[in-house]
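These notes are about the structure you will find just below.
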Amino acid sequence: MSGFVSRLLIGTATVATLVLSPLTFAADKIQVYAAASLTDVMNTLAADYEKQHEVDIVPVYASSSTVARQVANGAPADIFFSANEKWMDWLAAQGITLTARADLLQNRLALIAPQNTDIASFTPDAEHPLVDELADDSRLAVGDPDHVPAGIYAKQALKSLGEWNTLEPRLARSDNVRAALALVERGETPLGIVYATDAKASDKVKQLGLFPVESHKPITYPVALVNDTPSQAAQAFLTWLKSDEAAKVFRQYGFDTDMTSLDDGDEVSPVNGG
């Protein structure tokens, strides 16, 4: 074969590769801006979905307030998944188009301590002041009550139990609920208030008990598509997140997918262990 013919064949193959590669290997990108408490379950769900579909799911995790502000400031989100209604409503009030909105999950508020704590269990209620479990110089880890949903719920619960004024000066405020969890994991604070799912995700903390559901507003996770013209890939992924298949995974990570199961006034006993 002549050198000219060889170069021609090589050149033709190269052009064909350049033309066909984008069609063969390009995957739709779906950017999900989600609450930090969803980190573990969303990573699992994204991996499961990518195995079945030619998509690239790119999650961004932070407190709901932080990711909501990022979306409002132009971050290229396809889906927003909040840990409370407030920041979903706030985002809509900024003029961001949100469609296919649905309340997908519920959670519980838990009191945690390092795994090696001497406290066996503790039921946060008016008859058992939480402050009595804190040494004089120790603090209580929480998401910042000024903007982090877990901290907002914690403030509501402490107010309901009559302990907010006493404990407010002793809070170790964190940028998100996972940062509050980390403070307890490292033993930097002897107690923390996080979601029950965060406690379940860590083998370094012990869940001492659950706050009464009537002590705070329901912990609801709304999800929605972002922008006027969401991609078909994003629409399909959100539809799948609402499916029974995804619900099984959410429940494995401790989330409640039955949106009628936690009515105000329900009594739930404390849960021990990690």
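Each value in this text was obtained by applying a stated rule to the coordinates, not by laboratory testing. This one's a predicted model, so the numbers in the text were calculated from it and none came from an experiment. Please note: Cβ atoms are built from the backbone with ideal geometry, for glycine as well, and neighbour counts cover all protein chains shown.
Here are a few things to note about the model shown:
- Its DSSP H runs of at least 4 residues, each contributing -39,500 (n - 2.57), put the calculated 222 nm mean residue ellipticity of the chain at -11500 deg cm²/dmol, to the nearest 500.
- Residues whose amide H comes within less than 5 Å of that of H147, counting only those at least five positions distant or on another chain, are absent (H built at 1.01 Å from N in the peptide plane).
- For the range 109-210: rounded, prolate or oblate by the Cα gyration tensor [a/c cutoff 1.5]: rounded
- Between 0 and 90°, nearest 10: helix 149-160 axis offset from the chain longest Cα axis: 10 degrees
- Beta bridges per DSSP with both ends in the chain, % antiparallel, nearest 5: 55 percent
- In summary, the lysines within cross-link reach of K200, defined as a Cα separation below 30 angstrom excluding same-chain residues under 8 places away, comprise K51, K86, K155, K159, K217, K242, K248.
- Cut-off under 5 Å, modelled amide H: who pairs with Y195 long-range: A110
- GluC sites (Glu not before Pro) restricted to the range 100-207 and DSSP loop, no more than 15 other C-beta within 10 Å: E127, E188
- Taking amide H as placed 1.01 Å from N in the peptide plane, the amide H of G209 sits under 5 Å from that of L111, F122, V271, each at least 5 places away or on another chain.
- Inter-part distance where the range 177-211 and the range 227-261 are each reduced to a Cα centre, Å: 26 Å
- Here each label is just a point 7 Å from Cα along the line to Cβ, and for K204 and A135 those points are 1.9 nm apart.
- Fraction of beta bridges assigned by DSSP in the range 109-210 that are antiparallel (%, nearest 5): 60 percent
- Largest mean-square fluctuation among S243, S231, S65, in a Gaussian network model of the chain whose springs join Cα atoms under 10 Å apart, belongs to S243.
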